[in-house]
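None of the figures in this text is laboratory data; all of them are computed from the coordinates on show. Just so we're clear, the structure is a prediction, and the values are computed from it rather than from any experiment. For neighbour counting, all protein chains shown are included, and Cβ atoms are generated from backbone atoms with ideal geometry for every residue, glycine included.
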Amino acid sequence: MYRLGATQRRTETFQELIKSLVLAPVRKLHRMGEQIPEQEEFWALQDISFEVGQGDVIGIIGRNGAGKSTLLKVLSRIVEPTRGQVLLRGRVASLLEVGTGFHPELTGRENIYLNGSILGMKRREIESKFDEIVSFAEVEKFLDTPVKRYSSGMYVRLAFAVAAHLEPEILIVDEVLAVGDAEFQKKCLGKMREVAQGGSGRTVVFVSHNMAAVHALCKTALMLQKGRLVAIGPVGDIVQRYLAASVEGERNSIEAKRPMGAPVWFRRAEVFSAEAVGRPIRMGDELTLRIHFGADPAIRMPRFGWVLSDSLGTRLVGANNRYQADAPLERPARAGIISCRLGMVPLMPGRYQISLWIGNDAADSHILLDSLQFEVVAHDLWGQAKTPPLGSSALWWPATFEIEHDTQTAPALGG
Amino acid sequence: MTFPAENPVVDPSPTTTAERVNPQSHQTSVPQAGGGSGHVSVIRARRGWIAVDWAELWEHRELLGFLVQRDIKVRYKQTVLGVAWAVLQPVFAMLIFTLIFGRFAKIPSEDVPYAVFVYAGLLPWTFFSTSVTQAAQSLISQEALLTKIYLPRLFVPAAPVGGALVDLSISFGVFAVLMVWYQQVPGWGIVFLPLLVLMTVVAALGVGLMLAALTVSYRDFRFVVPFMMQVWMYASPVIYPVKLVPEEYRWVLALNPLGGIIDGFRAALLDRPFDLPTLGVSAASSVGVFLLGMFYFRKMERRFADIA
């Protein structure tokens, strides 16, 4: 539980602490006769009771802010619950991030031991798995090189390899699969499946935005909504329910607040069809993504990126001005608007969501995952009274087809 | 998360408002925890002061070892002079102090050369201040260890203290050379040295844990700690002998754990009588600081992941 009202009086810095100590009696005087405002309480999770049997692989799904991460953090003992209890039978390991505790100055070998130990492995366990880890990560040649010299791919492979060789009785995994190149992701998914279905009797709790991954790995799923458990059952049913629920909430525009301490943040974001604002987006429409940002200190060039994914969470396309050479503002500003013209995005009819990132040159400071959600409706672009069949491909490409005679071969075929 | 039926702790009627799409599917709990380690843990809210979980610390003792190793390896890895810094830092401090306080200010040094006298004081002091400064930073510089994983968090600020022990042993080597140079011989008191080192470790852990927890909540402590260490050094008998303090006020000095520790180091290394009352009060205050630090850390630990 988090006390929202209390944040105003939470002392962030020492200076405020001292000030609040000094002012406390004064404040008390002020309060006399005046009604004390009620603290607004926010329960990140409530009324969540479920059991997972030994050897079960359960997926936790839900929108952003549904409480998935908090649930994982409670299960992993990172955050202590305000109320309620969790009973765990067996050794627990949690993977909320790969490579936690990796030190760039240390060599691959040293980091395997350090990270393994941080994840809860015993020295002997790490020693016995050492060769497997190294060959899985494909870093044999660089074992004694500091990992800061590794390519990002190598780094992630090594980090995942250590984690993949954990053998706890209960494994708690957050979307760590979203790392590395496509080939390595496949390998990770394979390893996860091996862990989940290898008859090892291992219990796995898996959280993801990617419905395809949840579907592939889990037998059971659990759906959270606004901190409450709304459904639990076979993965197929729950994923269906989740997808149906997301259709209800189309959000072509959203408002956002500044995260604490963020130098650059989103104030508003919207996606619309350039042809007609406010009309449903149709196949073949030119899309525009527009964001309003705030910045403190003022900035000339916020770095803004987006990724568009389909309803299953598969990332389709994206762009980021961090890697492009667009002109910055003439002078630093504390607020501004960025319009990103996507042009004609060849989307098939269906549900789509856009994740947004913004920050300065150093780092992203505000991330809104799958925050914009919109529907693309079928549209008879060619006046043929026909549209491409759904599910034939993720994107419909605006290709042109030219046909001509083959004068060379035609005579031979008797044409 | 198997809840075997025979487990007495399980609430038999979990109240849930959840709609169960297929209640059978998830009740496949295996009746006996076959193959399990029998390791059962309960996560629930706790209030007030929380006892230190010694069993857990013992179970994960290897992790502390790895963290200490990392600190040692990393500390001098990118420096040109490497481990030589562990020698140079106290040696330079000794040279400067000898020049300023020994030569110019003529602070008495109890019949031993001022250089030896001040170095014997710098041994525990440098260890203490390095440990505390690094312990205080340890949590905020490794946020991921708080927010991305669960581990016995006491180890994170404890590791730099272990790392500083290595520096301390190198400093002891330098001190031995110094003793030979000035032709000084330690007395029988040197057998108590390990105890004194232990006392320093205990005090450093206590202060380090406390400051680490405070730094997570109040980032200002990043600036407070170095300043505090500077003041603390002059409040400790590093550059002056305890005897300089009038006897009736000596207990005040002894309340500072470093007061008795530094005096004890000199007694053990330079063959002079132990000031037992001072040492006793400092030992007690070391243990007091240690307990306070431990329990404060445990109390604050619950909120670390939320505020880090």
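Tabulated data for the structure shown
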| item | result |
| --- | --- |
| Under-5 Å amide H pairs with A:C340, H placed in peptide plane, nonlocal only | A:L289, A:R290, A:I291 |
| The stretch A:52-89 and the stretch B:86-121: distance between their alpha carbon centers, rounded to Å | 58 |
| Flagged links, alpha-carbon separation over 22 Å, of A:K122/A:K187; A:K257/B:K299; A:K122/A:K219; A:K148/B:K77; B:K148/B:K299; A:K122/B:K77 | A:K122/A:K187; A:K257/B:K299; A:K122/A:K219; A:K122/B:K77 |
| Directionally averaged shadow of chain B, computed from the convex hull of its alpha-carbon atoms, nm² | 22.0 |
| Cubic angstrom per residue, convex hull over Cα atoms of the stretch B:199-262 | 83 |
| Karplus-derived 3J(HN,Hα), 6.51/-1.76/1.60, for each residue of the stretch B:133-140, Hz, glycine and proline x | 4, 6, 4, 4, 7, 4, 6, 6 |
| Amide H contacts of A:V57 (H built 1.01 Å from N, under 5 Å, at least 5 apart or other chain) | A:V204, A:K219, A:T220 |
| The stretch A:253-377, relative contact order [Cα under 8 Å, separation at least 6], % | 31 |
| The stretch A:285-330: chymotrypsin sites (Phe, Trp or Tyr not before Pro) falling in loop per DSSP and having at most 16 other Cβ within 10 Å | none |
| For B:I72, A:I112, order by how many other beta-carbon atoms lie within 10 Å, fewest first | B:I72, A:I112 |
| Compactness of the stretch A:253-377 as Cα Rg over 2.2 N^0.38 Å, two decimals | 1.05 |
| Inter-chain shielding of A:226-237 (mean C-beta neighbours from other protein chains, 10 Å cut-off) | 4 |
| Distant-in-sequence amide H partners of A:H366 (H built 1.01 Å from N, under 5 Å) | A:I358 |
| Listed peptides B:45-53, A:295-303, A:91-99 by packing density, highest first (mean Cβ within 10 Å) | A:91-99, A:295-303, B:45-53 |
| Contact order relative to length of chain B, as percent, for alpha carbon pairs under 8 angstrom and 6 or more apart | 23 |
| Partner chain coverage, peptide A:72-83 - average Cβ within 10 angstrom | 5 |
| Fewest-first ranking of B:V281, A:V86, using other Cβ atoms within 10 Å as the exposure measure | A:V86, B:V281 |
| From phi via Karplus (6.51, -1.76, 1.60), per-residue ³J(HN,Hα) for the stretch B:40-48 in Hz, x at Gly/Pro | 10, 10, 10, 10, 8, 5, 10, 10, x |
| Within 10 Å of each Cβ in A:215-224, the average number of Cβ atoms from other chains | 2 |
| Whole-number Å³ per residue for the convex hull built on Cα positions in the stretch A:57-246 | 124 |
| Cα convex hull of the stretch B:72-220, projected area averaged across orientations, nm² | 11.0 |
| The stretch A:306-323 - phi-based ³J(HN,Hα) in whole Hz, Karplus 6.51/-1.76/1.60, Gly and Pro as x | 9, 9, 9, 10, 7, 5, 7, x, 6, 6, 9, 9, x, 7, 8, 6, 4, 9 |
| Burial order of peptide ranges A:138-144, A:230-236, B:132-138 (average beta-carbon count within 10 Å, highest first) | B:132-138, A:230-236, A:138-144 |
| Residues A:Y352, B:Y182, B:Y249 arranged by fewest to most Cβ contacts within 10 Å | B:Y249, B:Y182, A:Y352 |
| Added length on full extension, which subtracts the Cα-Cα distance from 0.36 nm per residue, A:W397 to A:Q225 | 58.3 nm |
| Taking the stretch B:114-252 and dividing mean pair separation by its residue count, relative contact order in percent (alpha carbons under 8 Å, at least six apart) | 41 |
| Ordering of B:262-268, B:88-94 by burial proxy (mean other Cβ atoms within 10 Å per residue, highest first) | B:262-268, B:88-94 |
